[in-house]
Protein chains: 2
Amino acid sequence: MTLLIYGDRVSGNCLKVKWTAEKLGVPYRWVQTDVRQAATRTPEFLAINPAGQVPTVVLEDGRPLAQSNAIILHLAEGSALIPADPYERARMLEWMFWEQYSHEPYIAVARFHRHLMAKSASEIEPRLMERGHAALARLERQLEQTPFLAGEALSLADVALVAYTRVAHEGGFDLAQYPAVKAWVARVEAELAIAD
Amino acid sequence: MTLLIYGDRVSGNCLKVKWTAEKLGVPYRWVQTDVRQAATRTPEFLAINPAGQVPTVVLEDGRPLAQSNAIILHLAEGSALIPADPYERARMLEWMFWEQYSHEPYIAVARFHRHLMAKSASEIEPRLMERGHAALARLERQLEQTPFLAGEALSLADVALVAYTRVAHEGGFDLAQYPAVKAWVARVEAELAIAD
């Protein structure tokens, strides 16, 4: 059985899984699952993932797995996308947990409201923008020092963080203020062969 | 050099690291870092963790690491707290990422406002309570099926999820509604020898 990826193309979390599968040469079938059409609320989908969230994958053996970062860690096990050095691997995980707690809830949520729900800038909570800029400033400080987040080479930390950072402008964040982040986005897009 | 844990005793995220070190028999020194006294905003602390968050550890070799779940994954590497089976390990990670995104922001935040900031029930956003109950209901469904979150044995998923679940009542969540969760909390507390 081929890997099934239940995902929504507008979701950075879902694209992380697509890019990782492609980078690793893992064959997959994309099952477009439109969150705004409530495709994650059907009994069929909830039987696969009771949390009702995408991405969710069904592995080759038929078992389901959810949470974008858990999925890409599973797919990439033993590959060069996970550093062999225990400390570098731990730093990669640090960035991945930080992404879900301190980056996605601001950068991705602002973009959801502005770009996908067509809200105006004045309708966005100031706190979202403030914390989103704090997250971008933290990325900038790291990327002034190293070409990739966990060090010298591309890792899953870059896959996880680039997903919403590359579309941060759709949430009203101007990446021109963060030149090291902007250069890193281009580097990671090239490494992952992201076309659109 | 002994492992240094910069943590705040009232923070479940920090206690995860303490419990894991104790379970594994890793010697450590606790550096009490009071968030409400802005001890995470001093230049000294920001030099160790620019994100200004606890827990942060300084490893035996002097290198820092942050994010509770990344820290416990690093400390527990190669131990029985991480399942050897790749799929069970992936499910453990799924719960750990879900905790930071879909559990902690509701259960821990409600408890922070009620218990630590002494707010009344009516001052808590209804959305926080609604999503917190949804998270508890999801745990209940899993724990009706398996004694621990990733299967038959204690793993880091239980360490991560018990931290705020065991004090959910301090945020206004009545665990009597979730009997499987309540029994699991007692099991995990016994396994981790949590005394207080």
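Every read-out reported here was derived from the displayed coordinates using simple, explicitly stated rules and does not represent laboratory data. Keep in mind that what you see is a predicted model, and the values were worked out from it rather than measured. Every residue, glycine among them, receives a Cβ derived from its backbone with ideal geometry; neighbour counts consider all protein chains shown.
Computed over segment A:10-58, relative contact order equals 34 percent, with contacts defined as Cα pairs under 8 Å that lie 6+ residues apart. Distances, shortest first, from the label point of A:Pro179 to those at the same position in the other copies read 6.5 nm; the point lies 7 Å along Cα to C-beta. Once C-alpha pairs closer than 8 Å and six or more residues apart are averaged by separation and normalised to the residue number of chain B, the relative contact order reads 21 percent. Histogrammed with a bin width of 10 Å, the alpha carbon distances of segment A:86-192 distribute as 16, 49, 28, 7, 0 percent, first bin at zero. Taking the centroid of alpha carbons for each part, segment B:11-74 and segment A:1-69 are 34 Å apart.
For A:Val10, which inter-copy label distances result when the label point lies 7 Å beyond Cα on the Cα-to-Cβ vector, reported in nm to one decimal and in ascending order? In nanometres, ordered from closest: 4.0.
Residues of segment B:12-56 with an amide N closer than 18 Å to a point placed 7 Å from the Cα of B:His115 along the Cα-to-Cβ direction: B:12-20, B:33-37, B:54-55.
Listing A:Val162, B:Val31 from fewest to most neighbouring C-beta atoms within 10 Å gives B:Val31, A:Val162. Of A:Leu149, A:Thr165, A:His133, whose Cα points farthest to the positive end of the dipole of segment A:111-196 (charges on the beta-carbon: +1 Lys, Arg; -1 Asp, Glu; origin at the Cα centre)? Looking along the dipole axis, the top candidate is A:His133.
Hey, what's the Kirkwood Rh for chain A if you take every pair of different alpha carbons, in angstrom?
On the way: mean 1/r = 0.0580 Å⁻¹.
Hydrodynamic radius (Kirkwood, Cα only) of chain A equals 17.2 Å.
Among DSSP bridges having both ends in chain B, what percentage is antiparallel? Round to the nearest 5. Walk me through the intermediate numbers first.
Working: 7 of 12 bridges.
Percent antiparallel among DSSP bridges in chain B is about 60.
Indicate, rounded to the nearest 5 percent, the antiparallel portion of the DSSP beta bridges found entirely in segment B:3-75. Please list the in-between numbers first.
Numbers: 6 of 11 bridges.
Taking every DSSP beta bridge with both residues in segment B:3-75, the antiparallel ones total about 55 percent.
Using DSSP, restrict attention to beta bridges with both residues in the protein assembly as shown and report what percent are antiparallel, rounded to the nearest 5. So the antiparallel bridges in the protein assembly as shown amount to around 60 percent.
What relative contact order, as a whole-number percentage, does segment A:86-192 give when Cα pairs under 8 Å and 6 or more residues apart are counted?
Here the relative contact order equals 35 percent.
Please give the contour-minus-distance gain from A:Gln37 to A:Ala84: 0.36 nm per residue of separation, less the Cα-Cα distance, rounded to one decimal in nm. Before the final figure, lay out the partial values.
Numbers: separation 47, 0.36 × 47 = 16.92 nm, distance 4.12 nm.
Gain on extension, A:Gln37 to A:Ala84, equals 12.8 nm.
Neighbour counts of other C-beta atoms within 10 Å: give me A:Arg131, A:Arg63 arranged from fewest to most. Don't jump to the answer; show the numbers that get you there.
Numbers: A:Arg131 18, A:Arg63 11.
Placing the least packed residue first, the sequence is A:Arg63, A:Arg131.
Distance from the B-onto-A rotation axis is smallest for the Cβ of the chain B residue given, in whole Å, as B:Gln100, 3.
Counting neighbouring Cβ atoms within 10 Å and putting the fewest first, the residues B:Thr56, B:Thr2 line up as B:Thr2, B:Thr56.
Label-point spacing for B:Tyr87 across the identical copies (point 7 Å from Cα in the Cβ direction), in nm and ascending order: 3.7.
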